[in-house]
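See below for the structure under consideration.
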Amino acid sequence: MGWTMRRKGLACLLLAAMLPAFGTASAGEQGERALAAVKQLLDSGAVPRNASIKVAFKSGNIAALLGPELELQKEWEQRSGVMITAKVIPQQPALQNIKANPDVDLTVARTHEFPDLLEQGLVEDLSPLLKEFGFRIDGAPPQGYVRPRLQGFFGDKVVAIPADGDVLILYLRRDLLESPAERAAFRKAYGRDLAVPVTWQEYDQLAKFFHRPEKGLYGTVEQRERDTAWMFWLPRYLSQGAPYRQLFDDRLKPMIDSPAGVAATESYINTVRHSAPEILGDGKDYSYTAPIFMQGKAFSIIFTIAGAKLFNASGSAVRGKFIAAALPGNRVGGKLVRRNLPIYGNNLVVSSQGAQRKLAFLFTMWLTDPDNSLRTVGVRGGFTDPFRWNHLADQRIRDLYTPEALAVFAKEWPVALPPGTGLPGDGDYLAALNQNLWLAASGKITAAEAMKRTSREWEGFTGRQDRDRHLAWLKIFNAGFRNPDSGETSKK
């Protein structure tokens, strides 16, 4: 699809459900400073008056990042004098999208994609632009970005401006958990009270107990399709050790061909027997699983905070009947270890080849301003979720997601760790893991064989690279596992 201006070509992609949860509002200090910087660039002649920003977003991002009926785009254009040229890109890795659109100024990328984008020089390190225009990526409440270093940094480089929040949350049927008949039956079967699961073993037990396909109820509809397998396996693996279990040792030897890797894989594949019959089908991602839970046909699902907005919507069969809960963990040395990660997360990256990199950066700072970003998160049916502290306190956002779900969401970020492998070629490493997890979940190989094959393939990938260079990347990635306090910021 070619580049289009304003409403042309894009309006048809805006779904009727994607209506604003609240009206327009003036930008806050960050947004106004971005507009002032644009004016200075235009007045000084540093950029031409007819300059436009080329943005490339996935179809699901358009209504949120440009606004329903493109209202945010129109407001930016009216106030800044800079037009936006927009293009819809496929649901594929940012690496492919940027290479296919070398003239793009601004696009989206997931956190685990940063090493490849940096290693191939496809995106800007935003640190110089932050310094030039006097901005910083602030993580301090009450308005800062929730986990800026986790979502926007790789080492000391600012790769992206956070614009989404996608840690995992466990959703359960409140009505079934609180049913006296279910509670009595569960105690009779297992000798303990029916409660929110704390460990992965307890979660599997509840999924088994509530799996009644003959009555139209599945125990769980946690995703098990091939392409996203790593997202739901990694929290199980990371929580196999204290404070966490690493994927590689300090010499790049994979650590997954181990009891910890096998245990995580067995936990991952156990849910299949308590799930919908097509759960392993290609493309059966959240577009397949979320509607099943929303229709009241499953006891549980693991999904992002976007699930709360969907399940709380009018027309949802589980509205008022679900609860959000912390992700389960594993007991290690007598202590519970829980780990989470941002699995999707559409963070904004500036292409290194774009003609208007400064304008793209300033648009990003305007868009993610505390006030403006409330309007991106507040799109009904949209998939841009809270990423600033003030989002969690705004009553309109609380009404969309429920206060209870947002409270769980806030508590999951401190246990969230960097996603992916942290290595150039991350997509290849994860594809190998995905394939072997899918084979194990399909019953074609054992959990032990899945880890053995993946470890062997990972060593093959690493062996074809510059090991010292990969070790340097791994060192930077591992440093990111330190949980920063909420006040940590980028340097001006």
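Some points to look at:
- The range 125-143-the range 421-471 distance, computed between alpha-carbon centres (Å): 36 Å
- Computed from the C-beta positions of LYS321 and ASP103 and an R0 of 56 Å, the FRET efficiency is 0.70 to the nearest 0.05.
- Using the Cβ-Cβ distance between ALA355 and ARG482 with R0 set to 51 Å, the FRET efficiency from 1/(1 + (r/R0)^6) comes to roughly 0.85.
- Close amide H contacts of PHE248 (hydrogens built in the peptide plane, cut-off under 5 Å, sequence separation of 5 or more or a different chain): MET255.
- Checking the cross-link pairs LYS58/LYS358; LYS297/LYS444; LYS58/LYS157; LYS74/LYS131; LYS87/LYS475; LYS87/LYS253 against a 31 Å limit on the alpha carbon distance flags LYS87/LYS475; LYS87/LYS253 as lying beyond it.
- Test item: Cα-centred dipole of the chain, Lys/Arg +1 and Asp/Glu -1 on Cβ, debye: 640 debye
- Antiparallel bridge percentage (DSSP; both residues within the chain; nearest 5): 70 percent
- Taking label points 7 Å from Cα along the Cα-to-Cβ direction, LYS74 and ALA140 give a separation of 3.8 nm.
- Placing +1 on each Lys and Arg Cβ and -1 on each Asp and Glu Cβ, with no other charges, gives the range 92-225 a dipole about its Cα centre of roughly 860 debye.
- Theoretical ellipticity at 222 nm over the chain - DSSP helices of four or more residues, -39500 (n - 2.57) apiece, nearest 500: -12000 deg cm²/dmol
- In this structure the amide hydrogen of PHE322, modeled in the peptide plane, comes within under 5 Å of the amide hydrogens of ARG174, none closer than 5 places in sequence on its chain.
- Amide H partners (placed H, <5 Å) of GLY28, local residues excluded: ASP371, ASN372
- Relative contact order of the chain, pairs being alpha-carbon contacts under 8 Å that are 6 or more residues apart, as %: 27 percent
- FRET E, pair ARG273, ARG467, Förster distance 56 Å, beta-carbon r, rounded to 0.05: 0.85
- Loop-located trypsin sites (Lys or Arg not before Pro) in the range 387-471 whose Cβ has at most 12 other Cβ within 10 Å (DSSP): LYS444, ARG464
- Rounded to whole Hz, the Karplus (6.51, -1.76, 1.60) HN-Hα couplings of the range 164-173, x for glycine and proline: 6, x, 10, 6, 7, 9, 8, 10, 10, 7
- Residues of type lysines that LYS188 reaches as a straight line, Cα spacing below 19 Å, ignoring anything fewer than 8 places off in the same chain: LYS208
- Pairwise label distance in nanometres, GLN395 with GLN91, each label 7 Å out on the Cα-Cβ vector: 3.6 nm
- Rounded to the nearest 10 degrees, the inclination of helix 447-463 to the longest alpha-carbon principal axis of the chain is 30 degrees.
- Karplus-derived HN-Hα couplings along the range 286-301 (A = 6.51, B = -1.76, C = 1.60, θ = phi - 60°), whole Hz, x at Gly and Pro: 5, 5, 9, 6, 4, x, 4, 5, 4, 7, x, 9, 8, 7, 8, 7
- The alpha carbon radius of gyration of the range 250-321, expressed as a multiple of 2.2 N^0.38 Å, is 1.46.
- You can think of it this way: the chain between ASP282 and GLU404 has 40.6 nm of extra reach, that is 0.36 nm per residue less the Cα-Cα gap.
Each value in this text was obtained by applying a stated rule to the coordinates, not by laboratory testing. Since the structure is predicted, the reported quantities are computational estimates derived from the model, not experimental observations. Reconstructed Cβ throughout: ideal geometry from the backbone, glycine too, with neighbour counts over all protein chains shown.
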